[in-house]
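Here is the structure we will look at.
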Amino acid sequence: MMLLLTLQSGLRNVAVGTDTYAYYLQFVEVSSTSWSNLFNKVLLFISDGTGKDPGYFLLLKIIQVFIPDFQLYLLAFAAFFFFALGRLFYRYTSNNYEVLLGVALYQCLFYSFFSITGLRQTFATAFLLLAVPYVLDRKFLKFILLVLIAGTQHKSALLFIPFYALYLFNNPKRVILYALIIFSIMWVVGQSLVSRMVTGTIFAQYEMFLDIHERAGAYSFIAFILGLGLWILFSEPKQINSAKSSALFANAIATAIVLAPLLKISPANMRVVQYYSIFSTILLPVLVTLTFSIKRRTVYFLLIIFLTYYTMSRDLEYAFFWQEMELNEFYSDEN
């Protein structure tokens, strides 16, 4: 499954998604940028925060020594991300049906970003996914090292640091209940509250995402994450506590519930929510396994069909790199 997802993402045309072509232009620009220039940008960023995540461009320069072609870079990039995601499926799911359902959910919720759009944040997320086992093994130094590396690729990845503390809460049902209460508060005052929290911090550049956007909403995603939270809340305690990993991922979903009202402001805030909501791809299949003792395969089958139908009904154009495809109108002058 991870190989198929790798090919789907890595063999895409540069016109697929909203940002792939922009990353292609960056790839070309970095190839002609001197090492000293890139190092200076990193040092400037460390000293006063100037610039936008220069660690990605320095790492890209290093990668270009071995992979000078953009299409091969996309393929290697996808392989790294899906290795990290597949590692989680391998460790924390118990059968092939869970994997199939998890992948169907991934395609439905996360394909349009991780597979075809945000390379920098996808790269950062891969490091975060690799850090998850170190939370369960209580190896903080290894966890924080990977998070800091992710932070050099995309500053928002530093918001994953609290994930380590989620291990300490061993009553996910109570955590979900508190999260639903905080969700109600955030729905009303989330915009002003978060704005005050980020003002004057290293995350100040993201204040622009706190302005009401005309495409704001993502109500179907909000309904899903709330529904998943309610499923956890009304499940048998022994079900969700049967594995420490399931409890950890349930707490991650609680965090996503707290952050979900930000989607009412701007769809760009999904960039933060998805650091925690991506664990739904593991938790939903596990909940199906724990909840349904009979006709379990039927439930898997129906959910996979529904998620596949919903995914196919979305207007997401795709072409392989050898096919013809028009660039997004935003890049019309570049075509």
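The values are calculated or read from the model by the stated rules, or taken from the named source; none is laboratory data. These numbers were taken from a predicted model, which means no experiment stands behind them. Positions of Cβ are generated from backbone atoms using ideal geometry, with glycine treated the same way; all protein chains shown enter the neighbour counts. SASA here: full protein model, heavy atoms, side chains in, ligands and nucleic acids out. Shrake-Rupley method; radii C 1.70, N 1.55, O 1.52, S 1.80 Å.
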**Message:** If I fit a long axis through the Cα atoms of helix 244-259 and take the longest principal axis of the Cα atoms of the chain, what angle between them do I get, 0 to 90°, rounded to 10?
**Reply:** 70
**Message:** Pick from 95, 13, 37 the residue whose mean-square fluctuation is largest in a GNM of the chain, springs joining Cα atoms under 10 Å.
**Reply:** 37
**Message:** To test your reading of the geometry: what angle, between 0 and 90 degrees and rounded to tens, separates the Cα axis of helix 219-233 from the longest principal axis of the chain?
**Reply:** 40
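On average, how much accessible surface per residue is there in the stretch 225-306, in Å², for a 1.4 Å probe, leaving out ligands, DNA and RNA?
Details: 3050 Å² over 82 residues.
Result: 37 Å² of accessible area for each residue.
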**Asked** Hey, what number do you get for the chain at 222 nm if only DSSP H runs of n ≥ 4 count, each worth -39500 (n - 2.57), divided across all residues, to the nearest 500?
**Response** -21000 deg cm²/dmol
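What's the extension gain from residue 223 to residue 40 if we count 0.36 nm per residue and subtract their Cα-Cα distance?
Numbers: separation 183, 0.36 × 183 = 65.88 nm, distance 4.53 nm.
Net length gain for the segment: 61.3 nm.
What's the FRET efficiency of residue 62 with residue 317 using the Cβ-Cβ distance as r and R₀ = 30 Å, to the nearest 0.05?
Details: r = 32 Å, r/R0 = 1.08.
Plugging the Cβ-Cβ distance into 1/(1 + (r/R0)^6) gives 0.40.
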**Item:** Only Lys, Arg (+1) and Asp, Glu (-1) charged, at Cβ; the chain dipole about Cα centre in debye
**Value:** 1600
**Message:** Using the basic label-point model (7 angstrom from Cα toward the beta carbon), what is the residue 148 to residue 7 distance in nanometres?
**Reply:** 4.0
**Asked** Say the dipole of the chain comes from +1 at the beta carbon of Lys and Arg and -1 at that of Asp and Glu; which of 188, 165, 103 then lies farthest toward its positive end?
**Response** 165
**Fill in**
Share of accessible surface on carbon and sulfur in the chain, whole %, 1.4 Å probe and ligands ignored, is 64
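Per 0.36 nm of contour for each residue apart, how much would the distance between residue 18 and residue 308 grow if the chain were fully extended, relative to their Cα-Cα spacing? Please report the intermediate quantities before stating the final value.
Working: separation 290, 0.36 × 290 = 104.40 nm, distance 2.22 nm.
Contour length minus the Cα-Cα distance gives 102.2 nm.
For every other residue with a beta carbon closer than 12 angstrom to the beta carbon of residue 61, add +1 if it is Lys or Arg and -1 if Asp or Glu, then tell me the sum.
Working: positive: 41; negative: 29.
Value of the local net charge: 0.
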**Fill in**
Surrounding charge for residue 110, neighbours by C-beta under 13 angstrom, Lys/Arg +1, Asp/Glu -1, total +2
**Asked** Efficiency by 1/(1 + (r/R0)^6): what FRET value for residue 324 and residue 299, r their Cβ-Cβ distance, R0 = 35 Å, to the nearest 0.05?
**Response** 0.25
